[in-house]
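Heads up, the thing below is written out as structure tokens.
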Amino acid sequence: MSFKINDKVKWVGKTDWELRTFHGEEYSTHRGSSYNSYLIKDEKTVLIDTVWQPFSKEFLANLRNQIDLNKIDYIIANHAEPDHSGALSELMKEIPNTPIYCTKAGAKIIKGHYHQDWNFVEVKTGDTLDLGSSKLIFVEARMLHWPDSMFTYLTGENILFSNDAFGQHYASESMYNDKVDNAELMQEALKYYANILTPYSSLVVKKIEEVLSFNLPVDMICPSHGVIWRDNPIQIISKYMEWAKNYKENQITLIYDTMWNSTRRIAEAIADGIKSKDKDLTIKIFNSSKADKNDIISEVFKSKAILVGSSTINKGILSSTASILEMIKGLGFKEKKAAAFGSYGWGGESIKIISEELNKAGFELINDGIRELWNPDEEGLIRCSQFGQNIVNKI
Ligand code: FEO
């Protein structure tokens, strides 16, 4: 499959309808994804990025239907991660001397993955490549989200090829933002930001300010995953600016795991208390051993406070609680509050351990947490409800 974006630019990527996890098993892709590759034909012909290795042969066959491979003058590798560089090995067997334009880190990382000394041309921010009636301008986007990440801008057509930035894991036959369900699109774009870009938020702000300072008109943003932003493309740039500035909505998220439902009952009683105190607060509740971990992270991203609960087991916490806390810590959320809760039978260590982990993850602890012995009775549930009401007073 391919489709024409305009007289110069074609999409020649691969839509992956089946994909359900990405980065190994680290990222759920409920709606599949796409690996977007773009072919630009001016006096010179350019291929921007490729696709993931399992689709190499299909990608090349498709590309051959568009162009004699020997007519490709330049390859641009905006990012070395295998979902975009994966078809390079197959492609370079056919056109081994074609220059690959990428950042210095990009050349190193591509060599690190494929162990080939291809004809790399290292570029920096502001470097250009003349294509005839238009040119490409390169912008390094270090750590958005890898050291090598780069944007490429096409003059004349005013297209920003942003690679992962502004992308979404979202397979669709309708390849434009104005042709898909906007709620689905924004949910996937936010999930992508929350789960992948959160640690680099300060760099996102700086990079967007830098790109805007170039005063280049942007008619279209073509990311490397999901749909193309052609209707008001600036909307996703504005969203990124909002998300990058310690984003939060009027929301509390409760995340728990439970052995015999005691910690679940504590969570629900706390939520009742929160609701009784503030009906406008959005409350989301997840069992971390059952809910999708990346969906939970999206809700943490949207929350001003999170409450994390676990039964105590073996002087510790349940494994799904440990796992989600590890993910939360890695993402480096800022300006969020938190507290712990849980049931116990004897040691009762869970709330102390969870509080310590939340503290290490950069959350401001609201209090020392609440624990209830065995299964909370009526009085215990009232204590939990009051705990919820007190949380509202402190956020
Ligand atoms: Fe879509 Fe960072 O690769």
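The values are calculated or read from the model by the stated rules, or taken from the named source; none is laboratory data. Values in this document were obtained by computation on a predicted structure and should not be read as measured data. Glycine also receives a Cβ, built like all others from the backbone with ideal geometry; neighbour counts cover every protein chain displayed.
Could you please find all residues in segment 140-172 being surrounded by fewer than 18 Cβ atoms within 10 Å (Cβ to Cβ) and within 16 Å of the ligand (Cβ to nearest atom)? Scanning segment 140-172 gives 142, 143, 147. When the test is whether a residue is modelled with pLDDT under 95 and not polar (S, T, N, Q), residue 143 passes it. Of the residues making up segment 64-89, those that are in a loop (DSSP other than H, G, I, E, B) and either touching a residue at least 12 places away in the same chain (Cβ under 8 Å) or touching a helix residue (DSSP H, G or I) at 6+ places or on another chain (Cβ under 6 Å) (or both) are 67, 72, 73, 77, 78, 79, 80, 81, 86, 87. Being within 15 Å of the ligand (Cβ to nearest atom) and in contact (Cβ under 8 Å) with a residue 40 or more places away in the chain, is that true of even one residue in segment 126-139? Scanning segment 126-139 turns up no residue that is within 15 Å of the ligand (Cβ to nearest atom) and in contact (Cβ under 8 Å) with a residue 40 or more places away in the chain.
Under the condition of being of a type in the set (D, E, K, R) and either under 18 Å from residue 57 (Cβ atoms) or touching a helix residue (DSSP H, G or I) at 6+ places or on another chain (Cβ under 8 Å) (or both), the residues counted in segment 90-109 number 3.
In segment 272-295, how many residues are assigned to a loop (DSSP other than H, G, I, E, B) and under 16 Å from residue 393 (Cβ atoms)?
Kept after step one, since they are assigned to a loop (DSSP other than H, G, I, E, B), are these residues of segment 272-295: 278-281, 288-292.
Still in the running and under 16 Å from residue 393 (Cβ atoms): 278-281.
Of the residues in that region, 4 qualify.
Of the residues that sit in segment 36-92 and are basic (Lys, Arg) and within 17 Å of residue 14 (Cβ to Cβ), which one is farthest from the ligand (Cβ to nearest atom)? Per the stated criteria, the residue is 64. Among the residues of segment 90-107, is there at least one that is farther than 30 Å from residue 201 by Cβ, in a loop (DSSP other than H, G, I, E, B), under 28 Å from the mean Cα position of the chain (by Cα) and modelled with pLDDT of 95 or more? No, there is no match, as no residue in segment 90-107 is farther than 30 Å from residue 201 by Cβ, in a loop (DSSP other than H, G, I, E, B), under 28 Å from the mean Cα position of the chain (by Cα) and modelled with pLDDT of 95 or more. Out of curiosity, is residue 290 within 27 Å of residue 344 (Cβ to Cβ), of a type outside the set (Asp, Glu), surrounded by fewer than 23 Cβ atoms within 10 Å (Cβ to Cβ) and free of Cβ contacts under 8 Å to residues at least 12 places away in the same chain? Spelling it out, residue 290 is indeed within 27 Å of residue 344 (Cβ to Cβ), of a type outside the set (Asp, Glu), surrounded by fewer than 23 Cβ atoms within 10 Å (Cβ to Cβ) and free of Cβ contacts under 8 Å to residues at least 12 places away in the same chain. Of the residues screened, residue 56 is one that is without any contact (Cβ under 8 Å) to a residue 40 or more places away in the chain and hydroxyl-bearing (Ser, Thr, Tyr).
Do you know which residues across segment 139-160 are in a loop (DSSP other than H, G, I, E, B), within 19 Å of residue 80 (Cβ to Cβ) and among the hydroxyl-bearing types (Ser, Thr, Tyr)? If you could, list the steps in order and put the result at the bottom.
Applying the first criterion (in a loop (DSSP other than H, G, I, E, B)) to segment 139-160 yields 141-149, 155-158.
Applying the additional criterion that residues be within 19 Å of residue 80 (Cβ to Cβ) yields 141-149.
Correct list: 149 only.
Within segment 111-128, is even one residue among the small types (Gly, Ala, Ser), within 22 Å of residue 215 (Cα to Cα), more than 16 Å from the chain's Cα centre (by Cα) and not in a helix (DSSP H, G or I)? Looking for residues that are among the small types (Gly, Ala, Ser), within 22 Å of residue 215 (Cα to Cα), more than 16 Å from the chain's Cα centre (by Cα) and not in a helix (DSSP H, G or I), one finds at least one in segment 111-128, hence yes.
Among 271, 189, which is outside the structural domain of residue 371 (by TED's automatic domain parsing) and small (Gly, Ala, Ser)?
Values: 271 fails: outside the structural domain of residue 371 (by TED's automatic domain parsing).
That would be 189, the only listed residue that is outside the structural domain of residue 371 (by TED's automatic domain parsing) and small (Gly, Ala, Ser).
In segment 14-25, the qualifying residues are those that are assigned to a loop (DSSP other than H, G, I, E, B) and free of Cβ contacts under 8 Å to residues at least 60 places away in the same chain, and the one that is nearest to the chain's Cα centre (by Cα) is 23.
Is it the case that residue 306 is closer than 25 Å to residue 26 by Cα, of a type in the set (Val, Ile, Thr) and crowded, with 17+ Cβ neighbours inside 10 Å? Considered against the rule, which asks whether it is closer than 25 Å to residue 26 by Cα, of a type in the set (Val, Ile, Thr) and crowded, with 17+ Cβ neighbours inside 10 Å, residue 306 comes out as yes.
Being among the acidic types (Asp, Glu) and surrounded by 22 or more Cβ atoms within 10 Å (Cβ to Cβ) is the requirement here; does residue 272 meet it?
Values: among the acidic types (Asp, Glu): yes; surrounded by 22 or more Cβ atoms within 10 Å (Cβ to Cβ): no.
No; evaluated as a whole, the condition is false for this residue.
The residues of segment 310-369 that are out of contact with any helix residue (DSSP H, G or I) (no Cβ under 9 Å at 6 or more places or on another chain) and more than 17 Å from residue 395 (Cα to Cα), listed by number, are 314, 319, 345, 346, 347, 348, 349, 351, 352, 356. Restricting segment 229-253 to residues that are within 22 Å of residue 284 (Cα to Cα) and touching a residue at least 60 places away in the same chain (Cβ under 8 Å) leaves a set whose member that is surrounded by the most Cβ atoms within 10 Å (Cβ to Cβ) is 252.
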